[in-house]
Amino acid sequence: MSRYLLHHRHSPDECGVAFASFKGHESPLRHQLTLASCRSGGHAIWWTVDASNEESALRLLPFYVAERTTVTPVSEVQIP
């Protein structure tokens, strides 16, 4: 398994649709806490997920969210 940072962006008028799209999508990300900037006006959401590849990571998201999401492979590092 690899770790990925999923970075989703949407416009202010798409906020409700982005959140509502999870209702019709089975995903372990549902009902979990994550970081988002919607309340502060940024309209971005970030998830750190473990998946076998980038496509598998995106499949954790509903299509509407996934098509507006970038995937970045990440790993933990210790800062000296």
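No lab work stands behind these numbers, since they all come straight from the coordinates. Quick caveat: nothing in here was measured; it's all calculated off a predicted structure. Cβ atoms come from the backbone with ideal geometry, glycine included; neighbour counts cover every protein chain shown.
What the table below lists for this structure:
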| item | result |
| --- | --- |
| Distant-in-sequence amide H partners of His43 (H built 1.01 Å from N, under 5 Å) | Ser37, Cys38 |
| Normalised per residue, the volume of the convex hull around the Cα set of the chain (Å³) | 106 Å³ |
| ³J(HN,Hα) computed for each position of segment 47-63 - Karplus, 6.51 cos²θ - 1.76 cosθ + 1.60, integer Hz, glycine/proline x | 10, 10, 10, 9, 7, 6, 7, 4, 5, 5, 5, 5, 5, 6, 9, x, 3 |
| Qualifying GluC sites (Glu not before Pro) for segment 1-77 [loop in DSSP, other Cβ within 10 Å: at most 12] | Glu26, Glu67, Glu76 |
| Given charges at beta-carbon only (K, R positive; D, E negative), |dipole| of the chain in Debye | 200 debye |
| Protection proxy ranking, peptides 31-38, 18-25, average beta carbon neighbours within 10 Å, highest first | 18-25, 31-38 |
| Over the chain, relative contact order from alpha-carbon pairs under 8 Å, at least 6 apart, % | 49 percent |
| Residues with amide H under 5 Å from that of Leu61, placed H, sequence gap 5 or more | none |
| ³J(HN,Hα), Karplus 6.51/-1.76/1.60, whole Hz, each residue of segment 9-19, x for Gly, Pro | 10, 8, 7, x, 6, 9, 4, x, 5, 4, 6 |
| Theoretical gain in end-to-end length, Cys15 to Arg30 [0.36 nm per residue, Cα-Cα removed] | 3.8 nm |
